[in-house]
Structure formats: C-alpha cells, structure tokens
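Data first, discussion second: the structure below is written as structure tokens.
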Amino acid sequence: QAQLKESGGGLVQPGGSLTLSCVDAGGAYRGYVMGWDRQAPEKTREFVADISGGGTVIYSDSVKGRFTISRDNAKNTISLDMKSLKPEDSAVYYCTAHTSWGDFWGQGTQVTVSS
C-alpha cells in the first residue's frame, strides 16, 4: 500500500466534475491492472473502475458513462475523471493495484458531492 497515493478529492456540487490522481512511486505496478475503489461511511467497499497495463478498461454499472479511467505509464500515474457527479458518489476513493503477489491500495482521498 505504501507506494500508492491518491489526490484530487474535494467538495463538488451535484452535476459537477472532479478528477482524481494516483501515483505509483517507483513504478512497481507498471504492467499490472490498477484502478479505483470507493467506500462510503458505514457501507461496504465498492469497485469503481480498473485499467490494464495495455489500457483495457472496465467500469461498474453505477459509474459507466460518467467516469473515465486512464493511466500514464511514463509518469506512473492513473487518473479518474468524474463527470455528472451524484450525491451517492460521495465516498473515500482508493487507488488500487492487482499484482501476482497480492492486491494493494492507498490511503484514499475524500470526494463529497453536495449542494
């Protein structure tokens, strides 16, 4: 978990946009699937999106069409571009990595969607 750090969270109005970023310090997860999960208070952790080392993406049905995941292997970063945000998108968002030696995640960044 120590190599992943999220940033970009904040407060946004419903219908607004926000972009999250995650850095993989040292590039340990280059070539592996990375992505984003989220967890709201008192709720279970939820898958949001994944992207493979080759750029293939998958989204949860709840965010498909609104969120876009991308990665920049040269910078060892992944991003989550969130549009048309809804109050139910409010959660702590975690950057994830899925490797042959296990699954890892960062400390998270808070996203709050409220008027």
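What the table below lists for this structure:
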| quantity | calculated |
| --- | --- |
| Accessible area expressed per residue, region 41-108, with surrounding protein chains retained (probe 1.4 Å, Å²) | 55 Å² |
| Relative contact order (%) - criterion: Cα under 8 Å, at least six apart; region: region 45-99 | 22 percent |
| For the chain: relative contact order, % (alpha-carbon pairs under 8 angstrom, 6 or more apart) | 37 percent |
| Zero-based 10 Å bins, Cα pair distances in the chain, whole percents | 15, 51, 29, 5, 0 |
| By average C-beta atoms within 10 angstrom, highest first, the peptides 84-95, 47-58 | 84-95, 47-58 |
| Accessible-area composition of the chain, carbon plus sulfur, in percent [1.4 Å probe] | 50 percent |
| For R30, solvent-accessible area (1.4 Å; no DNA, RNA or ligand), Å² | 130 Å² |
| P(r) histogram, all alpha-carbon pairs of region 53-115 included - 10 Å bins from 0, percent | 17, 49, 30, 4, 0 |
| Dipole of the chain, positive direction: furthest Cα of V113, N76, W36, with charges on the beta-carbon | N76 |
| Electrostatic dipole magnitude of the chain [Cβ: Lys, Arg +1; Asp, Glu -1; Cα centre; debye, to 20] | 180 debye |
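The values are calculated or read from the model by the stated rules, or taken from the named source; none is laboratory data. What you see is a predicted model; the values in this text were computed from it and never measured. For neighbour counting, all protein chains shown are included, and Cβ atoms are generated from backbone atoms with ideal geometry for every residue, glycine included. Side chains are part of the model used for accessible areas, which takes the heavy atoms of the whole protein and leaves out ligands, DNA and RNA. Shrake-Rupley method; radii C 1.70, N 1.55, O 1.52, S 1.80 Å.
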